[in-house]
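S.K.: Below: one structure in structure tokens.
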Amino acid sequence: MARVLKLNNGTQIPVVGLGTYKSPPGQVQQAVKDAVSVGYRHIDCAWFYENEAEVGEGLHAKIADGTIKRSDVFITSKIWNNHHAKEKVVPMLKDSLSKLKLDYVDLYLVHWPMGFKETAPSLPTDASGYSDVDYLETWEGMEECVRLGLTKSIGLSNFNSEQVERVVTNCKIKPVVNQVEVNPNINQKKLIKFCKDRDIVVVGFCPLGRSNYAGRPGFPSPTIHDPEVIKMGEKYNKTAAQVVLNYLVSLGVVVIPKSVTKSRIEENFDIFDFSLDKNDVAYLDSCNKNERCSPQTAYKDHKYFPFSIEF
Ligand SMILES: NC(=O)c1ccc[n+]([C@@H]2O[C@H](COP(=O)([O-])OP(=O)(O)OC[C@H]3O[C@@H](n4cnc5c(N)ncnc54)[C@H](OP(=O)(O)O)[C@@H]3O)[C@@H](O)[C@H]2O)c1
């Protein structure tokens, strides 16, 4: 199983990265240090997560102690929805860079296709907070970030197939990835194939089905709690989380499991030394129900809401 995938601009992305959404200040710095010590060379960040400064501290501690050089590690950030106007993109990336204390990121993503008004809350409660800035305009700002050397690559997140196609046919610099939810409850095989045909890699978020939300009404039951998958893991001397991450990587997906727990950070990286047999892959395939942890239905009336079509 390859540990890195090649992107369409010749750069490479490690197939396991550390997620940092809801990783609290006070814990995320240590999580980043633990991850780098274990061998992670990919950290997934975002301006919206409000913890990029602490992520940066963890990273710089590992650079200072000689474990890594800046160039060894792949750092992603994302622009949030309130800042989709073209002239806002470069300043927003510079803001993330100053928090991370970096000169460049490896990948900058448009976090969502939907724009919100600059004056609205980050998560508006009604349509008065929506803006109709076209994500193609945002993309021009993203291209400027590459030209200025502020990021090596640019990409999309939560874009459906039609939105990906619209960017691909109108861009000067092609997106290298589309980061979307991928776990056995929503395995995204159609979107993965669609993106692959356009030389775009899918990065899978919520790979563990956001297991801490289990039991909330209407929330899809995470596959890592499925007794069949737990039993499957015993056969390989692996945990259910390792089985699921191995399965997702075998679909060609880059996974970014989040954890602030050292033992889980180690566990989620130790997935390369086994292959699932045909029956186990078939079982995990059969778990697909197209159910999302992050359906964002509050925004279903937004002009650019992505989840109204099949994929
Ligand atoms: N682009 C987007 O719109 C978007 C949306 C959502 C997420 N993301 C990115 O994707 C990352 C991952 O998604 P996520 O954080 O939502 O969900 P996730 O990675 O599927 O699940 C994280 C939860 O699983 C727990 N966990 C981690 N490893 C485990 C293991 N081996 N066994 C059991 N439980 C385990 C974590 O607990 P502890 O931390 O307590 O160990 C945490 O509560 C995010 O952190 C973020 O970087 C992007």
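The values are calculated or read from the model by the stated rules, or taken from the named source; none is laboratory data. Note that the coordinates shown come from a computational prediction; the quantities given were computed from them, not determined experimentally. Positions of Cβ are generated from backbone atoms using ideal geometry, with glycine treated the same way; all protein chains shown enter the neighbour counts. Side chains included, ligands, DNA and RNA excluded: accessible areas come from the protein's heavy atoms. Shrake-Rupley method; radii C 1.70, N 1.55, O 1.52, S 1.80 Å.
S.K.: On the given criteria, is ASP199 within 21 Å of HIS42 (Cβ to Cβ) and either of a type in the set (A, V, I, L, M) or at pLDDT 95 or above (or both)?
M.R.: Values: within 21 Å of HIS42 (Cβ to Cβ): yes; either of a type in the set (A, V, I, L, M) or at pLDDT 95 or above (or both): yes.
For ASP199, the condition - within 21 Å of HIS42 (Cβ to Cβ) and either of a type in the set (A, V, I, L, M) or at pLDDT 95 or above (or both) - is met.
S.K.: If a residue has to be surrounded by fewer than 16 Cβ atoms within 10 Å (Cβ to Cβ) and in contact with a helix residue (DSSP H, G or I) (Cβ under 9 Å, 6 or more places away or on another chain) to count, how many in segment 199-218 make the cut?
M.R.: 1
S.K.: Now a separate question. Considering only segment 1-39, state which residues are over 23 Å from LYS99 (Cα atoms) and among the basic types (Lys, Arg).
M.R.: Once the filter is applied, which keeps residues that are over 23 Å from LYS99 (Cα atoms) and among the basic types (Lys, Arg), segment 1-39 yields ARG3, LYS6.
S.K.: Please tell me if LYS262 is surrounded by fewer than 20 Cβ atoms within 10 Å (Cβ to Cβ) and more than 15 Å from the ligand (Cβ to nearest atom). Spell out the reasoning first.
M.R.: Numbers: surrounded by fewer than 20 Cβ atoms within 10 Å (Cβ to Cβ): yes; more than 15 Å from the ligand (Cβ to nearest atom): no.
In short, no.
S.K.: Could you list all residues from segment 40-82 that are of a type in the set (D, E, K, R), in contact (Cβ under 8 Å) with a residue 40 or more places away in the chain and closer than 22 Å to PRO124 by Cβ?
M.R.: Once the filter is applied, which keeps residues that are of a type in the set (D, E, K, R), in contact (Cβ under 8 Å) with a residue 40 or more places away in the chain and closer than 22 Å to PRO124 by Cβ, segment 40-82 yields only LYS78.
S.K.: Is it the case, given these coordinates, that LEU109 is modelled with pLDDT of 95 or more and either away from the ligand (no atom under 15 Å from the Cβ) or in a loop (DSSP other than H, G, I, E, B) (or both)? If you could, list the steps in order and put the result at the bottom.
M.R.: Details: modelled with pLDDT of 95 or more: yes; either away from the ligand (no atom under 15 Å from the Cβ) or in a loop (DSSP other than H, G, I, E, B) (or both): no.
In short, no.
S.K.: Restricting attention to segment 228-259, which residues are within 10 Å of the ligand (Cβ to nearest atom) and in contact with a strand residue (DSSP E or B) (Cβ under 9 Å, 6 or more places away or on another chain)? First the steps, then the outcome.
M.R.: Quick first cut of segment 228-259, residues within 10 Å of the ligand (Cβ to nearest atom) only: 239-242, 244-245, 255-259.
Of everything in segment 228-259, those that are within 10 Å of the ligand (Cβ to nearest atom) and in contact with a strand residue (DSSP E or B) (Cβ under 9 Å, 6 or more places away or on another chain) turn out to be VAL244, LEU245, VAL255, ILE256, PRO257, LYS258, SER259.
S.K.: Related question: Which members of segment 124-154 meet the condition of being within 16 Å of the ligand (Cβ to nearest atom), touching a Lys or Arg at 6+ places or on another chain (Cβ under 9 Å) and under 16 Å from ASN8 (Cα atoms)?
M.R.: Within segment 124-154, ILE154 is the sole residue that qualifies.
S.K.: Also, quick follow-up: Is it true that some residue in segment 275-290 is under 28 Å from SER122 (Cα atoms) and either away from the ligand (no atom under 15 Å from the Cβ) or open to solvent by less than 50 Å² (accessible area, probe 1.4 Å) (or both)? Outline the logic, then answer.
M.R.: As a first pass, look at segment 275-290 and keep what is under 28 Å from SER122 (Cα atoms): 290.
Those still in the list that are either away from the ligand (no atom under 15 Å from the Cβ) or open to solvent by less than 50 Å² (accessible area, probe 1.4 Å) (or both) too: 290.
Checking segment 275-290: at least one residue is under 28 Å from SER122 (Cα atoms) and either away from the ligand (no atom under 15 Å from the Cβ) or open to solvent by less than 50 Å² (accessible area, probe 1.4 Å) (or both).
S.K.: Could you tell me which residue of segment 180-227 is nearest to the ligand (Cβ to nearest atom), considering only residues that are among the acidic types (Asp, Glu), in contact (Cβ under 8 Å) with a residue 12 or more places away in the chain and under 25 Å from VAL4 (Cβ atoms)? Spell out the reasoning first.
M.R.: Initial filter on segment 180-227 (among the acidic types (Asp, Glu)): 181, 197, 199, 226.
Then drop every residue that is not in contact (Cβ under 8 Å) with a residue 12 or more places away in the chain, which leaves 181, 199, 226.
Right, trim to under 25 Å from VAL4 (Cβ atoms) and you get 181, 199.
Details: GLU181: 7, ASP199: 20 Å.
Restricting to residues being among the acidic types (Asp, Glu), in contact (Cβ under 8 Å) with a residue 12 or more places away in the chain and under 25 Å from VAL4 (Cβ atoms), the top hit is GLU181.
S.K.: Of these, SER263, SER275, SER308, SER294, which one is part of a loop (DSSP other than H, G, I, E, B) and farther than 29 Å from SER161 by Cα? Working first, answer last.
M.R.: Values: SER263 fails: part of a loop (DSSP other than H, G, I, E, B); SER308 fails: farther than 29 Å from SER161 by Cα; SER294 fails: farther than 29 Å from SER161 by Cα.
Residue meeting the stated conditions: SER275.
S.K.: Moving to a separate point now. Among the residues in segment 129-146, are any of a type in the set (A, V, I, L, M), under 26 Å from LEU251 (Cβ atoms) and in contact (Cβ under 8 Å) with a residue 60 or more places away in the chain?
M.R.: Pass one, segment 129-146, residues of a type in the set (A, V, I, L, M): 133, 136, 142, 146.
Checking which are under 26 Å from LEU251 (Cβ atoms) leaves us with none.
Among the residues of segment 129-146, not one is of a type in the set (A, V, I, L, M), under 26 Å from LEU251 (Cβ atoms) and in contact (Cβ under 8 Å) with a residue 60 or more places away in the chain, which makes the answer no.
S.K.: Let me ask something else about it. Could you name every one of the strands (runs of 3 or more DSSP E) located completely within segment 1-78 that has at least 3 residues being over 18 Å from the mean Cα position of the chain (by Cα) and within 15 Å of the ligand (Cβ to nearest atom)?
M.R.: Values: elements: 4-6, 12-14, 42-44.
By residue number, no strands (runs of 3 or more DSSP E) qualify.
S.K.: I've got another one for you. If you take the residues of segment 216-249 that are under 17 Å from LYS289 (Cα atoms) and part of a helix (DSSP H, G or I), which of them is farthest from the chain's Cα centre (by Cα)?
M.R.: So in segment 216-249, the residues under 17 Å from LYS289 (Cα atoms) come out as 217-226, 228-229, 244, 247-248.
Pick out the ones that are also part of a helix (DSSP H, G or I) and you get 223-225, 228-229, 244, 247-248.
Working: THR223: 19, ILE224: 19, HIS225: 22, GLU228: 27, VAL229: 24, VAL244: 16, TYR247: 17, LEU248: 13 Å.
That would be GLU228.
S.K.: Is it true that GLU267 is out of contact with any strand residue (DSSP E or B) (no Cβ under 7 Å at 6 or more places or on another chain), acidic (Asp, Glu), touching a residue at least 12 places away in the same chain (Cβ under 8 Å) and near the ligand (Cβ under 8 Å from one of its atoms)? Lay out the reasoning, then the answer.
M.R.: On the way: out of contact with any strand residue (DSSP E or B) (no Cβ under 7 Å at 6 or more places or on another chain): yes; acidic (Asp, Glu): yes; touching a residue at least 12 places away in the same chain (Cβ under 8 Å): yes; near the ligand (Cβ under 8 Å from one of its atoms): yes.
For GLU267, the condition - out of contact with any strand residue (DSSP E or B) (no Cβ under 7 Å at 6 or more places or on another chain), acidic (Asp, Glu), touching a residue at least 12 places away in the same chain (Cβ under 8 Å) and near the ligand (Cβ under 8 Å from one of its atoms) - is met.
S.K.: Tally time: how many residues in segment 157-211 are more than 30 Å from GLU228 (Cβ to Cβ) and of a type in the set (D, E, K, R)?
M.R.: Qualifying residue count for the region: 8.
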